[in-house]
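The values are calculated or read from the model by the stated rules, or taken from the named source; none is laboratory data. As the structure is a prediction and not an experimental result, all values here were calculated from the model. Cβ placement follows ideal geometry from the backbone for every residue including glycine, while neighbour counts extend to all protein chains displayed. Note: areas computed on protein heavy atoms with side chains; ligands, DNA, RNA excluded. Shrake-Rupley method; radii C 1.70, N 1.55, O 1.52, S 1.80 Å.
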Amino acid sequence: MKTTLFFLLLAAQSFASDLALRPPSFRVPEGLAVFTDFTQAKYEITYDYLKKEALVTSRIVLETAEAGHPVFDLVGEPLELTIDGIPATAPVKSTPDNVTKIRVISKKVDAGRHVVVIKSSISELVSFTAAGVNNGFWMDDLKDRSYLEKYLPSNLMYDRIPMEFNVTVLNALSKQSVYTNGVTERTGDNKFKITFPRSFNASSPFFHLVPTESVFETKFNYKSIDGRELPVLIYFKKELSPSPELRFERLKRKTLAVMNELERDYGAFPHPAMTIYMVADGGMEYAGATLTSEANLAHEIFHSYFARGVMPADGNASWIDEALATWRDDGYKTLPALPTGVQLMKRGPYFRYTDLLAYGFGGKFFAYLSGKVGDLRPFMRVLLEKKTLTPFTLDEFITEMSSFYAQDLSPEFAKLGVIPSKN
């Protein structure tokens, strides 16, 4: 009941248009490329085991604040595209600073509501094996164009998108399962409907399609400090462990210990559940979910607070959560001075991924700030209370921190090269 109440409260929140956070429009040969607000995105995803193909029909409702050519992104080439029922194309264009590429629809539209229908295919990380169909929408915050746009037509990180996946697996010889961080309903034989919260952006969804018999899983509840019983699910491929019971017991203890620590420091877990896919190495965060090795488990669960709880609106803000996670991993140390000779540069409004310097140098920066103003955890907790499930910019982060500590901290951030914009 309390989990249901959490969803109802979330749904009742006022989600204003995200257009205020969009990057500046820019000129292309066809006219003005304009960034949009996706107000609805429904994806019909069909895997055909016999044909060894995965096809998608996407219906996207979007809004523009000005007349021009709407922007979205999809790494693969669209097979067909219409906007408001009229055929169009969406060639790849470089942003004015050449830091990334996006797709710009060839048809000019007026400001307002529009419906885009796109047919495309998925080739990334899809395999058709003797056991069945495998596909994970695995993302990478260290590479450009490596969020949901690797698989489906999507928008940039500033935009929260109400999303629905309708997944069908045709002609499979075995039963399939999906693991997600949305509300999942099995609607037929190897058919699923997945509804994601309206607070999700292109970095949030966790989606993993597997043959049912290929994985071990365990489920338990975590009692949150706010009274909710949060479902926790841990799973891994069977070949990863010959003794799943012992491994699950160890992982359960570690997960509960980390969640207890994080709730003590930052408050109630900001998602209605936690899904953990264990792999041999590495890790990546999603909203209330993670793909992770055992060594990275705590780091990745932390990101459900900072990264997919309080969400960076672009690449200029996304270094913050990795730096904070590194600071936490190092035991919340303090430093008397900031190492010199390295800079985390602000790279303009179109930058979309995380600077690698966030891990080492970024962590040291927050250790230095902690030595200057005191423990940062009280500020981080307040920021979560104010900004949970809300995109934030670097400028907003500096303003919030300066306000909390009653001193202008922009000169400290300027030492990194990340200077607040004045426009």
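Which fully enclosed strands (runs of 3 or more DSSP E) of segment 53-124 have 2 or more residues being within 23 Å of the chain's Cα centre (by Cα) and buried (at least 21 other Cβ atoms within 10 Å of the Cβ)? Explain how you work it out, then say what you get.
Numbers: elements: 53-64, 69-72, 80-83, 92-94, 101-104, 112-121.
In segment 53-124, the matching strands (runs of 3 or more DSSP E) lie at 53-64, 69-72, 101-104, 112-121.
Among the residues of segment 266-278, at least one is aliphatic (A, V, I, L, M) and in a loop (DSSP other than H, G, I, E, B).
Within segment 42-55, residues that are farther than 18 Å from residue 175 by Cβ sit with their Cβ atoms under 9 Å from residues that are of a type in the set (Gly, Ala, Ser) and surrounded by 17 or more Cβ atoms within 10 Å (Cβ to Cβ), at 6+ positions apart or across chains, in these pairs: 42/58; 43/58; 44/58; 55/120. The residues listed here are 51, 93, 108; of these, the one that is among the charged types (D, E, K, R) and in contact with a Lys or Arg (Cβ under 8 Å, 6 or more places away or on another chain) is 93. If the condition is being of a type in the set (Ser, Thr, Tyr) and either surrounded by 18 or more Cβ atoms within 10 Å (Cβ to Cβ) or in contact with a strand residue (DSSP E or B) (Cβ under 7 Å, 6 or more places away or on another chain) (or both), then segment 242-273 contributes 255, 266.
One line per residue, one yes/no per condition, for (1) open to solvent by less than 20 Å² (accessible area, probe 1.4 Å); (2) modelled with pLDDT under 95; (3) over 22 Å from the mean Cα position of the chain (by Cα):
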site: 328; (1), (2), (3): no, no, no
site: 341; (1), (2), (3): no, yes, yes
site: 376; (1), (2), (3): yes, no, yes
site: 382; (1), (2), (3): no, no, no
site: 406; (1), (2), (3): no, no, yes
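When restricted to residues that are of a type in the set (A, V, I, L, M) and in contact with an Asp or Glu (Cβ under 9 Å, 6 or more places away or on another chain), segment 374-397 contains 4.
All of 354, 292 fail the test of being free of Cβ contacts under 8 Å to residues at least 24 places away in the same chain, buried (at least 21 other Cβ atoms within 10 Å of the Cβ) and β-branched (Val, Ile, Thr), apart from 292.
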